[in-house]
Amino acid sequence: IWRGKLKKVQIIETTNSPFIISDILGEDITYLSEDKINENNKKRDGECTLGQNIHKLLRDNFFMRYTIGEYARELIENIMLCLNEEKEHDESNRAEKILRLYFDEIQNYYDAFHLLIDQIGEPVYKNTLKKMLDLSPFAEENKDIEKQIRELEEKIQKLKERR
């Protein structure tokens, strides 16, 4: 109150933080629109932002299509495509291109994919990709290699016994 008159103060805060929006009532929020034609101070009737899930706020209010980085999303999609494809023995195949980004030498595609998948932080993606890897042609190739290793180790053992 100033000299007997009631003054009203309005504070306007702009943010790109879903954490701040999660602490404010939906009726007190005005949004800017990605659509330049309809950008006039948009209010979203009935939207409950107070205590809302941060991922939902990011997706719905910050024009994010995904809640992971674009590079990581594309990499995960490409790994999924590789694991669903038939293995080609061509230097230009998708698996070779992806794995060459991370490994200088690729001796075993299964092991290389396994190492790469282990670096993914989101358990849902990681576990899904591991299951896909175990059902992929790369897993069969790995089983053949493991079988060959066992057979060679047995031969080595027999040769040592013959000494």
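The values are calculated or read from the model by the stated rules, or taken from the named source; none is laboratory data. Predicted model, so just to flag it, every value in this text is computed and none were measured. Here the Cβ positions follow ideal geometry from the backbone for every residue, glycine too, while neighbour counts run over all protein chains shown. Surface accessibility is based on the protein's heavy atoms, side chains included, excluding ligands, DNA and RNA. Shrake-Rupley method; radii C 1.70, N 1.55, O 1.52, S 1.80 Å.
Conditions: (1) assigned to a loop (DSSP other than H, G, I, E, B); (2) modelled with pLDDT of 65 or more. Leu57 meets all but one. Number of the miss?
(1)
Considering only residues of the stretch 75-116 that are surrounded by 13 or more Cβ atoms within 10 Å (Cβ to Cβ), of a type in the set (Asp, Glu) and not in a loop (DSSP other than H, G, I, E, B), which is modelled with the lowest pLDDT?
Glu96
Out of (1) assigned to a loop (DSSP other than H, G, I, E, B); (2) at pLDDT 80 or above; (3) open to solvent by 60 Å² or more (accessible area, probe 1.4 Å), the odd one out for Glu27 is which?
(1)
Got a number for residues in the stretch 117-126 being surrounded by fewer than 17 Cβ atoms within 10 Å (Cβ to Cβ) and not in a helix (DSSP H, G or I)?
The qualifying residues number 3.
Kindly provide the set of residues from the stretch 42-54 that are part of a loop (DSSP other than H, G, I, E, B) and either at pLDDT 75 or above or at negative phi (or both), ordered by number. Quick ask: steps written out before the conclusion?
Keep residues of the stretch 42-54 that are part of a loop (DSSP other than H, G, I, E, B), which gives 43-53.
Matches in the stretch 42-54: Lys43, Arg44, Asp45, Glu47, Cys48, Thr49, Leu50, Gly51, Gln52, Asn53.
So, in the stretch 127-146, of the ones that are within 17 Å of the chain's Cα centre (by Cα) and open to solvent by 50 Å² or more (accessible area, probe 1.4 Å), which residue ends up farthest from Ile76 (Cα to Cα)?
Initial filter on the stretch 127-146 (within 17 Å of the chain's Cα centre (by Cα)): 127-133.
Those left that are additionally open to solvent by 50 Å² or more (accessible area, probe 1.4 Å): 127-128, 130-131.
Working: Asn127: 12, Thr128: 10, Lys130: 12, Lys131: 14 Å.
Top of the filtered list is Lys131.
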